[in-house]
Amino acid sequence: MDSITGRKRRGSLATLAGSYQAVPTEEDMFTNGNAVHAGRRPSMWNGTQADEPTSPQFSICRVPPIPSNSKVASLDTINETENGDANVTMSDQPEMPQQEMLQPIGTLPATAVSKSAEVMLDIDEDDEAVGGLHREPPINISRARRMSVRPISFVSKSTDKSIFARSLASLATKAATQNFSEQEREALSKFSSLNYAPTHSLRYMTWLKNYATGGYLQLERWFLCLLIGVSTGLLASLLKQCTGALGRVKWQSTTEYISENQLVQAWGWNIGLSLVYVFISSFLVVFIHPVAAGGGTPEIIAYLNGVMVHGALGLKNLVVKFCSLVFSVSSGLAVGTQGPLISYGAIIGAGVGQFQSKTLGFKPNIFTRFRTPEDRREFTTAGVAAGVAAGFNAPVGGLLFAMEDLSSFWGKRLSWQTFFTAIVATATAQLFNTALIGFEYQSRFGLFSLSVVEPIHMHFVSFVPAVILGVIGGLLGAFFTRMNTFLNRQRKLGLSLIKNDYTKKMVRILECLALSFLMASYSTYLPGGFSCKELNPINSTSRLLTECTLGKNHTGQPVKEYNCMYWRDENATQNNLYNDVATIVQGGGSAYLDHLWSTGTHERYTWYGCLAIFVIWFIVATYTPGTAVAGGIFLPVVIGGALYGRALGIGMVSVWQQVTGSSGLPIDTEWDWMDPGIVAVMGSASLLGGVTRLALATTVIMVEMSGDIDLAIPVMITIFVAKMVADTISKPLFMYQLDAKLLPFLAQEPTVVVQNAIVNLELYKACDVMASPVWTIHSQETVQTLAKLLIETDHEGFPVVKQDPVTKSELYYGLITRTELYVILCSKSVYDETKPGNCISPKIDYDELSVDYIPDPSAALEIVKSYNRFPVYQFIHVDLEPFINMSSPKIDEDYSLHRTYQLFRTLGLRHLTVTDIRNRVVGMITRKDLMPYKMQEKLAIVSTVEASNNNNADEKDKERRESDGEIIMHPAITLDVKHDLTSDEESEGGIEIVVADNNTPL
């Protein structure tokens, strides 16, 4: 870009090392009729397509070297006009030596320029650059429009930072860097993207006219949201009843053996049943449906981000994941049900919202209006919110979870529908969960909650433990994330060394069995290392082995005797001994939180017991994600935070007693908030925030789960601090999981590292990352041409061009996808046509075109290949006009790269065509071009080239100083840029450009 005129020159770019492909010149673009640039049809059999080049090709739009035969223009006079513009007069200057002309020109930031900047214009006799001027330059230079500024160096070299600040910056930079091997990049490139909006073609508009609009359509939409909410709520309730029933079978007999002091028999029963449960769970995943492993949240995030993940939204995934989850949770593994419920809700939303099932062959002719990509994505989002709401009993949290991190597109209508679906799912799940416990009817159908929460007076001092817990949660959350990522990489590396597929599957099952063996032994024998405690009457008002009234909120659970009955006095009328560790660990799942979050139980548990459980639980919870069982991470993380939060709360009560000299408890005072149960809630929030980094959703979920609105502010502070601390050390866990699964996810804010520093994408342009050259087609093509295009390329989208009758240039008209071309060529009307010279207009409905992938790709490929075997198809044309997406977005090549990224992500695009000022196609941007690792590669080359050129300029300038003793100015424009101190220009923040004579030293 020329600093003065705003012109862009195109041509070959000489670089220091290697050769990089620059944007083609206009002379190259119109050679031999095989143009790869818009304006001629591409030579389709001798090149590569834009969006996925086989080897690195870079379109670097920078100032090219000036050819030796060019003329250098100089500014002789600047005549100010009446409107404040400066009239420029050019005059020829002697030619520059070729060696000096290879010196590139840089522009300095307005804040950094103090003396001069050299600008060379490459002017032809016809006012056209040799490489081809890209824009028509203005005659005047406006003083209101300041210099187009671009820094020479994009990397901050500031050395005035402290060691701590530099360390944090280094951690953030390393966390933001994406490094993929060649095999991983190949696997990543196999994922296809999805458009958010349907193809805006003539066929789509014809299809859309058949459906009513207004109130009836909205009524159908709300009815489908109701079905999604009810279905998700029923499934969540069924999941809880199944896990409760299987868990009761295991723990009932285990507790009986322990109460009789038969620990070996208890351990054997616990181990045996746990191993059976885990074997069933892992077998379903390993041998039937591997996609069902884990919680499934990364796959749903990727789908809502616009990535096609095969099998993630299928009915098979729902069934297998549900069965595997029931057994994995019942076995006592460190997994939860809340994460998979997100996946369940998404599957239900996608299926019920479309009112069809490919697995069951169910496709009735009702609700067909909603079978579009946009509606499917919206109903899936509503299902995700319903799953979170039913799992956490948090409808508002479900809404915020879907809005904050999952959905790339959001609107007011979507907000209301998602919230409504979340409310219905929560109400449905609560109705059945209160009436049934392990499929045993409790005669309480209709109740929404069984807990009663009395308000607790929060004090300003409570912010201190909130900040402390936030720091702890942020550090532990970052450690959890990094360690789990490291373990998964090592697991993947180890499995890759096993060549036999059957052996590899058995190893995955044995890994889960070993983990189950450890957890069963831990829950059986760990309580034996802690002494029994006497039940304090201030915390309990009833006999042991009955449900105790725990302080104010009545949310307590019966304590566990373990084997303490053999320690009691034989003359005692009742047993008042219990084991606090056994009370927490024996029961599994949500029973942990029932004890740890209970209020009014200040002295029921010990701080060292909580920390001992935490150490083992945290290690196992870090290792479990990535194993071959279904299960989420939300509940294990919440439990881990509650354990160290409870320990801190117990310590705070002890300190309060020592400071006040009281033997009582801080109850019904201004220190009422100093309850270990309250601090445990804040601890859960800290670790959950440190792992997920979902500030808004996590805050609301924790408040809704605790049922106490007074906790909102301390929980907000805790999560905020945890997020800030964890963000400086690592990325969120979901981002690491997306990278591990090689899913091309586009984050809300891109973080690109170039030369060990995070760069500002506003300083770059779309042409810096676009892929070029591009395959283009016309609205009417021969069948054989289209067949060859599909066979010899693997690109998913092709720009359609039309010739301008005046300029004879081929201009951008629209876009058509690979899938649509397959459907067209495989249609009966095309396949049966055999008469040369005909132009076919296939009769294909929009329902047939609106598919994400070809059902039988091998059969479709055979049909397409058959067109190349018969010469007649060289003379049969296909009219593509009714199928072209005429609303496909496009941008100018000078468009800001940061805004290009935001436009692509926000609109949910699959292809973004790049055009020049004359609307000719110059490149294509796809999801893979905007992946951080891809931008890192391309922008690193751009920055290296510019930095190297600037270094060369400095070296030559130094040589001139040494040889001549003064600065020798090139015969070019010399600009002295200084701040204009006049009041009117100061208010504009402008700078004044003063032109000096070329031979006059500054």
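None of the figures in this text is laboratory data; all of them are computed from the coordinates on show. Just so we're clear, the structure is a prediction, and the values are computed from it rather than from any experiment. Heads up, the Cβs are rebuilt from the backbone with ideal geometry, glycines too, and the neighbour counts pull from every protein chain shown.
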Check your understanding: Taking Cα pairs under 8 Å and at least six residues apart, what relative contact order does region 303-423 come out at, in percent?
Key -> 26
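Would you work out the charge dipole size for region 574-731 about its Cα centre, treating the Cβ of every Lys and Arg as +1 and the Cβ of every Asp and Glu as -1, and quote it to the nearest 20 debye?
Computed about the Cα centre, the dipole is about 640 debye.
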Point to revise | Leading residue at positive end of dipole, region 762-944 (Cβ point charges), from Gly814, Leu930, Pro842 | key: Leu930
Revision key, fill the gap. Toy charge model, Lys and Arg Cβ at +1, Asp and Glu Cβ at -1: region 762-944 dipole around Cα centroid in debye, rounded to 20, equals 300
Practice item. Specify whether the C-alpha gyration tensor of region 753-816 places it in the rounded, prolate or oblate class, a ≥ b ≥ c being the square roots of the eigenvalues: rounded for a/c under 1.5, otherwise prolate if a/b is larger than b/c and oblate if not. Key: oblate
Practice item. Putting +1 on Lys and Arg Cβ atoms and -1 on Asp and Glu Cβ atoms, find which of Val774, Leu909, His795 reaches farthest to the positive end of the dipole of region 762-944. Key: Val774
**Study point:** Size-normalised alpha-carbon gyration radius of region 662-782, reference 2.2 N^0.38 Å
**Key:** 1.74
Exercise for review: Give me the distance in nm between label points sitting 7 Å out from Cα along the Cα-to-Cβ direction at Arg869 and Lys828, one decimal.
Suggested key: 2.2
Revision key, fill the gap. Between Ser496 and Ser253, the FRET efficiency computed from the C-beta separation at R0 = 56 Å comes out, to the nearest 0.05, as 0.85
Exercise for review: Would you kindly state how much longer the chain becomes between Ser887 and Tyr211 on full extension, computed as 0.36 nm times their sequence separation minus their alpha carbon distance, in nm to one decimal?
Suggested key: 241.3 nm
Practice item. Could you rank the peptides 410-420, 878-888 by their average count of other C-beta atoms within 10 Å per residue, with the highest value first? Key: 878-888, 410-420
**Study point:** For region 453-538: rounded, prolate or oblate by the Cα gyration tensor [a/c cutoff 1.5]
**Key:** oblate
Point to revise | Computed E for Glu848/Leu510 - FRET, C-beta separation, R0 41 angstrom, nearest 0.05 | key: 0.30
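If packing is taken as the average number of other Cβ atoms within 10 Å across a peptide's residues, how do 220-230, 824-834 rank, most packed first? The partial results should precede the final answer.
Values: 220-230: 20.2, 824-834: 16.2.
Highest to lowest by the protection proxy: 220-230, 824-834.
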Point to revise | Global form of region 626-688, assessed from the alpha-carbon gyration tensor, a/c cut-off 1.5 | key: prolate
**Study point:** P(r) of region 762-944 over all Cα-Cα pairs, binned every 10 Å from zero, in whole percent
**Key:** 9, 34, 31, 19, 6, 1
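For region 380-526, what is Rg from Cα atoms divided by 2.2 N^0.38 Å, rounded to two decimals?
Against the empirical 2.2 N^0.38 Å value, I get 1.50 for region 380-526.
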Review point. Region 219-267 to region 856-929: how many Å between their Cα centroids?
Key: 49
Exercise for review: Give the peptides 302-311, 672-681 in descending order of average Cβ contacts within 10 Å, highest first.
Suggested key: 672-681, 302-311
